[in-house]
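Worksheet: the structure to be examined is printed underneath.
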Amino acid sequence: MKPQPTVLFVRSPSQDRAAISMLRDSGLTVHEFDGVRGLECALGDYDTDCVVTNCEVENPDGTQYLGGLTLLDRLRRSHPELPVVLFAEVTNGDIAREAYSRDVFGYVPSTVNDAHQRLLAQVDAAVASSPARQRANKRKQLNEAVRLVNQALVRSQSRMDIERDVTAVLAGTDRYSDACTVTCQHDRPVVRALGSQRDSVTITAPEPLRRAESEDRLVVADLDPAALGDDTDALETDCVRVLAVPLVYDGTSYGVLGVYADRVDIFDTEEQDTFREVGHNIALAIDASQTKDALRQRTTELEQQKERLRELAQIISHELRNPLQAAMGRVELLATEHAAEEFDAIQRSHTRMSFLIDNLMQIARQGGRQYTVEPVALSDVMADAWTTVDTDRSTIEIDCTETVLADSSRLCQLAENFFRFATEQGNTGTITITDTSGGFALEHDGPPLEVGNEGPFELYYASTDEGVGLHLAVIREIAHGHGWEITLSNESTGRVRLDIADVQRPSANGR
């Protein structure tokens, strides 16, 4: 405990020494300095409670003009917790306003009758406020450090960016000397990022970092500069204390954050609690960045897989179409020379195979482009789709009036595939399209489906004896591409109903 408060007094050449003697007589320890440079060089040698300066003291460049205000500016940047009292030789309102704008603690004109009593009162008040100012300054510095760390976490994209940016902003603050992130390999910390960005560094005191990771708790330790010797690469150079913060999120360790300081009165309970939260946020950001990296990699792999499937579908389509077209041409030629019912069956099979190839290509292309969603009239799309399908003796009733948000070309493909699917089940009957509360429904009063183990929406569901039915698989892909839900009702009486739900409608403002 200090026996008495310490005051550093920066005097001018013409300053009456009576003020300094009066402060000493009042029980204060007073050290005198001739200018700004002299005080700054000695600040680290004293546990200072207050600074008193004359207005006309020597500036760092040797001039005498308003050196006290210069000192105020420099102390606010380097030691904002120190209270400063300006003891001016003249009463000047402009100087007083300038001083208070620089956060001077007190302003005392030396020319008034009770100048010494006023000065002593201001110094006593400054000394009494010093602990509170130091606490406020610590909180300000902590808040600024947390703000800078959070900004780094927001802008950083990868784990390496996070660790590099966080350590850089901490090392760049006035409160800390350096910062690093490490992972322990074979019980030896390995530096991943270093705030001071030196080319090479060694950790002379690894134990606090190792304990923080192995025990999953904050560790505060004092460092002995004498133990460094001549090791100029030591991380702990000019540092006397370290705070080791484990970086853990959801049970996964991402190493340790080491924060170094060149003073021993640091890393109290409040500061440790703050860094415990900072460590959690850093680990959370690292975990999120790695999750995003994994998702991006998985997305890339899926896109590559889709592209390979599309290429395969194109190859299969090309290889099937050539012999199919040749076979169809030969059948047409033979049919003109020989009237046989078998030719009609062969032609139907060829037509069926052509439909299958078209549908396979539709399925392969579903992931090939983005859906362009816009308001479309459901009745118009259904009518357009009906004109493109050979519906034979079936009829259609379009009993829908809603406008929905959809990709019109994809919605048309969905309708075409249902119409073909329905007419393949039975070439007579009525197809009805109606609005529902969640979207719309397509219904056919043809024969019931014979659903196998795979289910009607699976790719290789056999809907007829003629081959493999792909229409419902295409419908499923288009519906899911819009984010819609589909269900198929298959009544024994012969009605087949396809319900499309979760369909969005335009809002009042048009979207």
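Looking at (1) of a type in the set (S, T, N, Q); (2) under 24 Å from GLY67 (Cα atoms); (3) within 21 Å of the chain's Cα centre (by Cα), which one does ASN92 not meet, given that it meets all the others? Result: ASN92 passes all but (3). Exactly one residue out of THR53, THR48 is hydroxyl-bearing (Ser, Thr, Tyr), under 51 Å from the mean Cα position of the chain (by Cα) and farther than 16 Å from VAL108 by Cβ: that is THR48. You will find that of ALA136, ALA126, ALA121, the residue that is among the hydrophobic types (A, V, I, L, M, F, W, C) and touching a strand residue (DSSP E or B) at 6+ places or on another chain (Cβ under 8 Å) is ALA126 and no other. Of the residues in region 385-394, none is under 30 Å from THR372 (Cβ atoms), assigned by TED's automatic domain parsing to the domain that holds SER489, at pLDDT 90 or above and among the polar types (S, T, N, Q). Of all residues in region 13-47, those that are at pLDDT below 85 and either basic (Lys, Arg) or crowded, with 21+ Cβ neighbours inside 10 Å (or both) total 1. Based on what the data block shows, is ASP178 touching a Phe, Trp or Tyr at 6+ places or on another chain (Cβ under 6 Å) and surrounded by 19 or more Cβ atoms within 10 Å (Cβ to Cβ)? Criteria met by ASP178.
State yes or no: is VAL264 more than 20 Å from ASP161 (Cα to Cα), in contact with a Gly (Cβ under 7 Å, 6 or more places away or on another chain) and not basic (Lys, Arg)?
Spelling it out, it is not the case that VAL264 is more than 20 Å from ASP161 (Cα to Cα), in contact with a Gly (Cβ under 7 Å, 6 or more places away or on another chain) and not basic (Lys, Arg).
The condition (being in the same structural domain as ASP216 (by TED's automatic domain parsing) and of a type in the set (Ser, Thr, Tyr)) is satisfied by just one residue among SER130, SER158: SER158. Within 30 Å of PRO83 (Cβ to Cβ), buried (at least 18 other Cβ atoms within 10 Å of the Cβ) and either at pLDDT below 90 or under 24 Å from the mean Cα position of the chain (by Cα) (or both) - does that describe any residue in region 160-169? Yes, because at least one residue in region 160-169 is within 30 Å of PRO83 (Cβ to Cβ), buried (at least 18 other Cβ atoms within 10 Å of the Cβ) and either at pLDDT below 90 or under 24 Å from the mean Cα position of the chain (by Cα) (or both).
Take the conditions (1) free of Cβ contacts under 8 Å to residues at least 60 places away in the same chain; (2) over 22 Å from the mean Cα position of the chain (by Cα); (3) buried (at least 16 other Cβ atoms within 10 Å of the Cβ); VAL127 misses just one of them, which is (1). In this structure, VAL201 does not satisfy being closer than 29 Å to ALA227 by Cβ and under 23 Å from the mean Cα position of the chain (by Cα). Flag: GLY27 does not match the condition of being farther than 16 Å from ALA126 by Cα and among the small types (Gly, Ala, Ser). Being in contact (Cβ under 8 Å) with a residue 60 or more places away in the chain and in contact with a strand residue (DSSP E or B) (Cβ under 8 Å, 6 or more places away or on another chain) is the filter; apply it to region 219-247 and report the residue that is surrounded by the most Cβ atoms within 10 Å (Cβ to Cβ). This residue is LEU247.
Which residue out of ALA205, ALA152 is modelled with pLDDT under 90 and not in a strand (DSSP E or B)?
Being modelled with pLDDT under 90 and not in a strand (DSSP E or B) holds for just one of ALA205, ALA152, which is ALA205.
Out of everything in region 417-467 that is touching a Lys or Arg at 6+ places or on another chain (Cβ under 7 Å) and farther than 24 Å from SER354 by Cβ, what residue ends up being modelled with the lowest pLDDT? Of everything passing the filter in region 417-467, ASP445 is modelled with the lowest pLDDT.
The values are calculated or read from the model by the stated rules, or taken from the named source; none is laboratory data. Everything numeric here is computed off the predicted structure, so don't read it as measured data. No Cβ is skipped: glycine too gets one built from the backbone with ideal geometry, and neighbour counts run over all protein chains shown.
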